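Here the structure comes first, spelled out in structure tokens, and everything after it is commentary.
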Amino acid sequence: MDLSRRQFVGTGLVAAAAFFGLPSIVSAATLEEAIAAFTGGAEAGSDGITLIAPEIAENGNTVPIEVDAPGAEAIMVLAAGNPNPDVCTFNFGPLAGRQGCATRIRLAGEQDVIAIARMPDGTFKQARQNVRVTIGGCGG
Amino acid sequence: MADNVTPRVRVPRDASAGDSVSVRTLISHPMESGQRRDGDGNLIPRSIINRFTCDFNGQNVIDVTLEPAISTNPYFQFDATVPESGTFQFTWYDDDGSVYEETAEITVT
């Protein structure tokens, strides 16, 4: 292949941008972007979804949470104050006994935990709960 | 690389047809978030389980996408409907490409 110096530098820059630039954009997704990616910008109602999280969590490394949204096809959980707000997404199959799940998450400090459910008819439901954390669960 | 990854699941031994049963799963895994630094100040690379699925007789029960904010030793508790006797198939997908599998039988009367 016969690359001129200018072409060579150009392709090198593009490759470097693709390698270093894009991953950082993806990981730096803000809370609003994460919500928009899930809801497509649709407004979320507040009925029909429960988020159970402790008001005070002693250890931010394992905070037990539980979400329930009867009839939902997917629930996304977000932590507003974490370096990366994504926590997890539950997708429910035809044999799910209820549209809910309990797990344990990491929280960096006092912040809101947010759950958004996507219903089969394309609407969204959102629940939010503030959690105070005594010992943060990131870095350290 | 994650060492000593052991999946554990708890499913009732029997149930009535169409019942909703409670399923609990735990897998020992460090879930390195990619945010922590080692003693020399270098970032420890991310190494987590990024997906967990549970199927019953080939039909999906739950499919979870995990992010680094899930705690060490990921734990999930959920309900599954069991129309007939069969096998639960649990699968965890690691960042490094490893797949961990576990099964559990249930008898429906």
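Across peptide B:73-86, the average count of Cβ atoms from other chains found within 10 Å of a residue's Cβ is 4. Take each residue of peptide A:78-86, count the partner chain Cβ atoms within 10 Å of its Cβ, and average: the result is 3.
With distances taken between every two different alpha-carbon atoms, the protein assembly as shown has a Kirkwood hydrodynamic radius of 19.6 Å.
Averaging 1/r over each pair of different alpha-carbon atoms in segment B:40-94 and inverting the result gives 13.2 Å, the Kirkwood hydrodynamic radius.
For peptide B:31-37, the mean count of partner chain Cβ atoms within 10 Å of a residue's Cβ comes to 4. Relative contact order, whole percent, for segment A:61-140 stands at 36, derived from Cα pairs under 8 Å and 6 or more residues apart. Across segment A:94-140, the mean sequence separation of Cα contacts (distance under 8 Å, 6 or more residues apart), normalised by length, yields a relative contact order of 40 percent. Relative contact order of chain B: 33 percent, from C-alpha pairs under 8 Å at least 6 residues apart in sequence.
Value of Rg to Rh for chain B, rounded to two decimals, is 1.08; Kirkwood radius and Rg both from alpha-carbon coordinates.
Highest mean packing comes first when the peptides A:70-83, B:24-37 are listed by Cβ atoms within 10 Å, giving A:70-83, B:24-37.
The numbers here are math on the coordinates, done by the rules we state, and not lab data. What you are looking at is a predicted structure, and each value in this text was computed from that prediction instead of being measured. Heads up, the Cβs are rebuilt from the backbone with ideal geometry, glycines too, and the neighbour counts pull from every protein chain shown.
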